[in-house]
Amino acid sequence: MPMDTHPSKDIVESLGVELRGKLIVLCITGSVAAVQSPEIARLLMRHGGEVVTVFSEAAHEIIHPYLMEWATGNPVITMLTGKIEHVALAGEHAEKADLILVAPATTNTISKIAMGIDDTPVTSTVTTAFGSGIPIVIVPAMHASMYKHPIVRENIQKLEKLGVEFIGPRMEEGKAKIATPKEVLKTVLTKLARPADLAGKHVLVTAGPTLEYIDPVRIVTSKSSGRMGVELANAAYERGADVTLVYGHGKIPPPEKVRLIQVETTQEMYDAVTNELKKSNYDILIAAAAVADWTPQTRQKEKVPTADTKTFSVTFQPTPKIVDAVKNLQKSIFLVLFKAEHGVTDDELITRAYNRLVSAKGDLIVANDVGRPGVGFGTATNELFLIDKKKKVIHISKTTKTEAAHKLLDVMLKLLQKK
């Protein structure tokens, strides 16, 4: 059972507290993908989870139990004894686990679970979890031909009907590879950490920078990576929303489970957003994109030569203001704006943001100073000032963009309830 103190637990909650107080049983089977299990365990711990590992006999042949004891700071269960470890972890009692995570899961183990066969510590733990109503997540890893076996597919479908959730696999190089640790984390957070307080809501998010072309190869853009908007789209999805993401030229991969509309220019983003608002009813629009404010008046049809050109002038004109069109198309939509500044005081930042909120008839505006270290463009962290229509200010101190996204949604939901 979990140990209270161990040097390896120094990493707990280093990335967040979403899994604080949650006990996750990580079951490991005899797949070479078990080499990923320590990283999965430690990522869950970094978000506050307590992780206890259970081995099948075959798992010993891939990694040593000492590795997982180091990774989790807890003893590893390698066999069932008089302590009835499977019941202690997954039985019907107050201290039972919050989640059973089988990662990796082989064809053999999946089929045994589906047939109710208990001949390893892993299968016995999973069977016990079924009986006590603990959520079960399985992360397959095997050769593609094994994954395609009709009986294996039938067993997976059988388990899905019983409420088991499967993550992946990733089909690469003729193999059904284990999902990435981040994909596993997202599923675990969805099941254990995030309230479904956006269930039934339709959310439109804009994210990433837009590009404005000088000629076919040269552009004007910003340093935005798109991370904040992507995190917001993912956070809204995790909390039950139906999410559409209008995404510019960002560097961060968009969430796989949201509807994606890819664009490049500001005009394309404007058209995508206005078209969505004309054809579908949305409850919320979060305008997190770093939209280019200016575009060349004339786009050169060919690459401007440099060999014989000493100077080259470009005349810019304003791009269409996306947020100014929103309330004209859907008056009741809850509009969240973003306002980035550089090198200003907090008072200036808040005043400028509030004025923009008023002019766009928005409901909430998010302001940050991207000139500050670790804030805004290209960083994994952010510091935000949230200003509502009554000019009430809520400060989100510097934290990960994942956490900032959820804190922003918390504030937004409170305003929505009042509205």
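Here are the numbers for this structure:
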read-out	value
Considering residues of the range 322-348 that are in a loop (DSSP other than H, G, I, E, B) and within 21 Å of Ala233 (Cα to Cα) only, the residue nearest to the chain's Cα centre (by Cα)	Ile333
The range 289-310 residues that are assigned by TED's automatic domain parsing to the domain that holds Phe338, paired with ones that are assigned to a loop (DSSP other than H, G, I, E, B) and of a type in the set (Gly, Ala, Ser) (beta carbon under 6 Å, 6 or more apart)	Ala289/Gly208; Ala289/Gly248; Ala290/Ser222; Ala290/Ser224
Condition broken by Asp119, with the remaining ones in (1) outside any helix (DSSP H, G or I); (2) over 16 Å from Glu57 (Cβ atoms) satisfied	(2)
So Lys223, is it out of contact with any helix residue (DSSP H, G or I) (no Cβ under 7 Å at 6 or more places or on another chain), under 21 Å from Ala404 (Cβ atoms) and surrounded by fewer than 17 Cβ atoms within 10 Å (Cβ to Cβ)	yes
Any hit, the range 223-237, residues being over 30 Å from Pro305 (Cα atoms), free of Cβ contacts under 8 Å to residues at least 12 places away in the same chain and of a type in the set (Val, Ile, Thr)	no
Tally, over the range 111-120, of residues that are touching a residue at least 40 places away in the same chain (Cβ under 8 Å) and either surrounded by fewer than 18 Cβ atoms within 10 Å (Cβ to Cβ) or under 32 Å from the mean Cα position of the chain (by Cα) (or both)	4
Options Pro150, Pro121; residue that is over 22 Å from Leu19 (Cβ atoms) and in contact with a Leu (Cβ under 8 Å, 6 or more places away or on another chain)	Pro121
Pairs where the first residue, in the range 9-37, is loosely packed, with under 15 Cβ neighbours inside 10 Å and the second is at pLDDT below 90, C-beta under 7 Å, 6+ apart	Val17/Gly48; Arg20/Glu13; Arg20/Gly48
The range 157-205, subset of a type in the set (D, E, K, R) and touching an Asp or Glu at 6+ places or on another chain (Cβ under 6 Å), residue farthest from Phe334 (Cα to Cα)	Arg194
From Met171, Met146, residue being touching a Phe, Trp or Tyr at 6+ places or on another chain (Cβ under 9 Å), more than 14 Å from Leu26 (Cα to Cα) and at pLDDT below 90	Met171
Single residue of Gly371, Gly362 found to be of a type in the set (Gly, Ala, Ser) and at pLDDT below 95	Gly371
The range 143-172 residues that are under 14 Å from Ala105 (Cβ atoms), paired with ones that are at pLDDT 90 or above and of a type in the set (Phe, Trp, Tyr) (beta carbon under 7 Å, 6 or more apart)	Ile156/Phe166; Glu160/Phe166
Residue satisfying condition, being modelled with pLDDT of 90 or more, touching a Pro at 6+ places or on another chain (Cβ under 8 Å) and not assigned by TED's automatic domain parsing to the domain that holds Gln262, within set Val188, Val122, Val164, Val139	Val139
Number of positions in the range 385-408 that are under 12 Å from Glu231 (Cβ atoms) and assigned to a strand (DSSP E or B)	2
Filtered residue count, the range 394-419, keeping only those that are within 18 Å of Ala360 (Cβ to Cβ) and either aromatic (Phe, Trp, Tyr) or surrounded by fewer than 15 Cβ atoms within 10 Å (Cβ to Cβ) (or both)	1
Test: Pro216 is over 26 Å from the mean Cα position of the chain (by Cα) and assigned to a loop (DSSP other than H, G, I, E, B)	yes
Among residues of the range 230-288, those that are among the β-branched types (Val, Ile, Thr), within 18 Å of the chain's Cα centre (by Cα) and either under 19 Å from Ile219 (Cβ atoms) or surrounded by fewer than 21 Cβ atoms within 10 Å (Cβ to Cβ) (or both), counted	4
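The values are calculated or read from the model by the stated rules, or taken from the named source; none is laboratory data. A quick note: this is a predicted structure, and the numbers were derived from the prediction, not measured. So basically every Cβ, Gly included, is an ideal-geometry build from the backbone, and we count neighbours across all protein chains shown.
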